[in-house]
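> Starting off with a structure, shown below.
Computed from the coordinates by the stated procedures, all read-outs in this text should not be read as laboratory data. Please read these numbers as outputs of a predicted model, since none were measured by experiment. Virtual Cβ from ideal backbone geometry, glycine too; neighbours counted across all protein chains shown.
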Amino acid sequence: MSAKPSSYAGRWVAKVRDKIVAQGRTAEEALQACQQSRYKEKPEVSYMPYPLHPLIEIIQRDYLPVDQELYLVGGAVRDLLLQRRSPDLDFALPANGIAFARKMANQLHADFMPLDVERDTGRVIFTQPDGAQLFLDFATYRGGDSLEADLRARDFTINALAYDLRTNEILDPLDGRKDLAAKLIRACSATSIEEDPVRILRAIRLAAAFDFHLDPETRAHCHSLSGALTRISPERQRDEIFKILHGPKPEAAFKALEMLDTFPYILPELTKLKGVTQSSPHVYDVWKHTLAVLSALEEILDALSLEPSLPANPLSEALSATLGKYKEQFAEHFSNSLNPNRSQRALLFFAALYHDISKPDTKTIEADGRIRFFDHDQQGAEVIAERGRAFNLSNDENAHLVLIVKQHMRIHQFYGAFARDGQMPSRRAIYRFFRDARTSGVELTLLALADVRGTYGATLTPETWQAYLQIANQLLESYWERPQEIIAPPRLLDGRELMRELNLTAGPLIGELLEMIRENQAIGKIQNKEQALALAREEYLKATNGES
């Protein structure tokens, strides 16, 4: 048998000379299977435990009363069977969920909060050695007064699983393990989707995350009930959408959501993109282009991650050769978040989803037949702002999204100048780009790379791709290696000094002069306070003479 020992988790195995030769659900089954082929040898029979989270083992060993029923349930069990580390741990017990959670928090020296008093659910917040927080939720049975009723009331069979902490057995009333093996997303009942329509979005998220597919009946239910998504709060819609964007295969996920006819009810702005044609060099309509950008962006972020997982190709290899030196900086950048519930990565993908949202409303056709979309970036910024408000995103998140959509053509303008005269962006242009982009410059650079991939498709030439990479390299080199020189030069004087030296009163002119000084620092024209004052005085005299 060639499988790794972890493949036998939850089974009994027979070993001969430390090699697994047979397996079974019980010790007797493993022994009998071994004797059929190795009847002359005496095997060692042992149980192969599931790869539990260390904290669960501590609870089992030190804190679980002998008479206490306690089950690990839902996605944590699914992840256990898939040998994945689950980000959170959900437990079910017959009664006293909040009281048990409070007791467990005290024993684990962790924080506690009552999560849902009505459903008797308490949360333990455990800080792990690396500083990351792990949530342990303890809830009384839902859907009835038994564990089986609880499991049957869940969304999908692969989540209707329980692990008995007393016996180390898996309880699987709906054949979830069989669906896991078949890579199938199947609703627990005919009414599962209707009972909570947000499960439509969750089904697509799980399918993308695990590379599974929906069974035909579940897909039919999702499609027929897509209109019921309007019953779901904007916050719950938002949370599922951003989880999709944070996970793998966002392009496939949104293609599936479009096929299920969900957009009119969750993201109505997207419905207008399909079929909107574009002129060369675009090879797709606006909707297919948007999907292609999502796909390219995923590939770009993967290639620039510390542990790439997608297959390499010539474009990603050239990307890594040019920008791979900044992998640690990218990792640190995306580890920060404007909101603890939504990642920086998900926000970038949301901006990518909406970057051309106003092209249908700005489409014009010129006399020569060329299609143009004047100001689609500016109008698109207003649309994504409205969507962000509808989703109750924070002000910081909304400002970030607006900047990305509003400024997403800037790097294409840099490429246009390069194509015309062969010049890379000047120091002045780089300074102004990051001044306007503020903290969104990294995202704008990555989106531009994905955008050009989604524009040209298979027609993208190595020369064009390399030009974009060089522009991106120059921008990121300035941002990460020369920030005080080009991006944010140290202040040489403040507004009060400027007013005192030039005998000025407060007003817009002060800000304009300070900005002019910073820009001239960035281009290397001035280096000290004296030069800054001289330049400000000269510009002030020009302004006053002009007024007279």
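> Quick query: amide H of Phe156 versus all other amide H atoms, modeled in the peptide plane; which residues come in under 5 Å with a sequence gap of 5 or more or a different chain?
Cys188
> Additional query: Could you sort the peptides 21-29, 180-188 by per-residue average Cβ neighbour count (10 Å cutoff), highest mean leading?
With the highest mean Cβ count within 10 Å placed first, the list reads 180-188, 21-29.
> Using a 7 Å offset from Cα along Cα-Cβ at Met424, what residues in region 521-537 end up with backbone N under 19 Å from the label point?
Residues 522-525 qualify, since their backbone N sits under 19 Å from the label point.
> Starting from the 7 Å offset along Cα-to-Cβ, what nm value, one decimal, do you get for the label separation of Asp130 and Val16?
In this crude label model, Asp130 to Val16 measures out at 4.1 nm.
> Starting from the Cα of Lys274, draw a straight line to each of the lysines and keep only those under 19 Å, dropping any in the same chain fewer than 8 residues away.
Lys255, Lys288, Lys359, Lys363
> Oh, and also: Over what distance in Å are the Cα centres of region 347-382 and region 267-319 separated?
16 Å
> Using modelled backbone amide H atoms (1.01 Å from N, in-plane), which distant-in-sequence or interchain residues come within less than 5 Å of Ser279's amide H?
Ile371
> Using DSSP to call loops (not H, G, I, E or B), can you name the GluC sites (Glu not before Pro) in region 358-432 whose Cβ has at most 14 other Cβ atoms within 10 angstrom?
Counting only loop positions with at most 14 other Cβ atoms within 10 Å, the GluC sites (Glu not before Pro) in region 358-432 are Glu366.
> Let me ask something else. Taking the Cα centroid of region 491-548 and of region 30-74, what is the distance between the two, rounded to the nearest whole Å?
When both Cα centres are located, 75 Å separates them.
> Moving to a separate point now. Pairing the Cα long axis of helix 441-456 with the longest principal axis of the chain, what angle in degrees results, from 0 to 90 and rounded to the nearest 10?
80 degrees
> If you don't mind, another one. Label-point separation (nm) for Glu44 and Gln83, each offset 7 Å from Cα along Cα-to-Cβ?
2.1 nm
> For region 145-177 and region 205-232, what is the separation of their Cα centres, given in Å?
21 Å
> Can you match P(r) over Cα pairs in 20 Å bins from 0, in percent to one of these, [x] 19, 50, 28, 2; [y] 24, 58, 18, 0; [z] 17, 42, 30, 10, 1, 0, based on a calculation from the structure here?
Computed from these coordinates, P(r) over Cα pairs in 20 Å bins from 0, in percent corresponds to label [z].
> Residue-wise, which Karplus ³J(HN,Hα) couplings in Hz belong to region 304-315, taking 6.51 cos²θ - 1.76 cosθ + 1.60, θ = phi - 60°, and x for glycine or proline?
Karplus-based 3J(HN,Hα) across region 304-315 equals 9, 7, 5, 9, x, 10, 8, x, 7, 9, x, 5 Hz.
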